[in-house]
Amino acid sequence: MTCRARRARARPVVAPKGIAIRADLPRTRSGKISAACRAPARSACRKATSRRWRTRHQRRDRMGIFGIMSRLSQDGGDPAVRAAFEKTMSGNPDAANGAPYTPIEMFVMELFRTISPNGGSISSIMDTRQAGSSDNYGDSVSPFVRFGLPYERSGYIISPHTSTSFDPRHWTNPQQFDPDRYRNVPTSAQVDEAKSKQIGFAKCPFDLTTMKVNDGRNAAMANSAFGTVFGVVDGEPLPVCDYAGFAPFGFGYRRCPGEQLTIQVFEDFLRKVWRDKITFRSLNLPNPRQVPIGPNAVIDDNITFARSS
């Protein structure tokens with residue numbers, strides 16, 4: 001995670017690449033950058049970050065169904081994705097056979113890891129300098145005092161989903177399209193107190209709790225030690241991939257609550273594509289119309305589809 005646009009006393013404000021913010025800006029008597037100079041610095045950081053994310057979205061066409069269509073395209077698509085799709089659907093795509101996920105679920109998860117429609121998450125920083133700002137360890141000592149964290153109020157942390165999903169520290173083959181990678185990584189049902197100790201935490205970051213669903217079903221909502229929420233039905237967990245290398249839906253308690261529903265929607269879309277023998281092709285238009293499809297995301301309307309006879 002990268003802390004951007006935070007105030008500093010003896011060092012420059014951390015800025016995006018290509019943005020220089022001087023360390024010798026006017027400061028108050030306490031050593032802080034004056035408000036008149038701090039605001040433009042933060043504005044420059046935010047604009048550069050937004051611009052970089054927007055450019056990346058436009059360049060790689062990474063949004064949902066369009067991203068999947070472009071990768072399955074017969075001309076200009078990704079041969080590895082097409083081969084994995086055929087392998088998945090030619091077998092038994094809905095049989096987990098004791099694994100946490102079905103083959104089609106792992107295929108969709110790998111699509112989301114590589115497409116990564118959400119470039120990142122932004123979390124604001126509380127004033128961690130004051131006692132009582134955190135009671136995670138039961139003694140009300142602030143994280144700033146306990147760990148010497150350099151965070152100050154009015155800052156924020158960016159969790160970069162795309163770069164995290166492609167980090168070689170998490171995968172031996174991050175650039176390869178490999179749905180089978182999820183067979184051997186922790187699920188939210190496995191990240192418990194024992195796993196926390198193995199990782200090196202003094203205790204679970206989040207207490208393990210279960211909340212019953214009061215609609216007649218034998219179901220409940222549970223959470224992992226990282227705060228990731230998942231369902232439990234008839235005593236059987238329905239986990240999600242609770243691993244740092246899988247970041248398209250975020251992390252922990254800030255993770256997207258609609259993750260499993262989203263994956264199921266795309267599973268149904270891919271079943272339709274396979275069943276009806278739908279193929280995708282580029283129109284090769286000289287000047288395709290640009291279509292906005294999400295925040296900071298614009299695509300070229302340049303793909304068509306056909307149903308094989």
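The table below lists the values:
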{"read-out": "Charge dipole (the range 186-242, unit charges on Cβ, about Cα centre) - positive-most of 213, 198, 237", "value": "198"}
{"read-out": "Most to least packed among 285-291, 163-169 [average Cβ atoms within 10 Å]", "value": "163-169, 285-291"}
{"read-out": "Coarse-grained scattering of the range 186-242 at q = 0.14, 0.19 Å⁻¹, given as base-10 log I(q)/I(0) from a Debye sum over alpha-carbon atoms", "value": "-0.37, -0.62"}
{"read-out": "Spread of Cα-to-Cα distances over 5 Å intervals beginning at zero, given as percent, for the range 150-245", "value": "2, 12, 16, 17, 18, 16, 11, 6, 2, 0"}
{"read-out": "For 221, 69, 211, order by how many other beta-carbon atoms lie within 10 Å, fewest first", "value": "211, 221, 69"}
{"read-out": "Range of Cα positions in the range 222-290 per principal axis (Å), largest first", "value": "51, 28, 18"}
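Computed from the coordinates by the stated procedures, all read-outs in this text should not be read as laboratory data. In this text, all values refer to a predicted model and were calculated from it rather than measured experimentally. Positions of Cβ are backbone-derived with ideal geometry, glycine not excepted, and every protein chain shown enters the neighbour counts.
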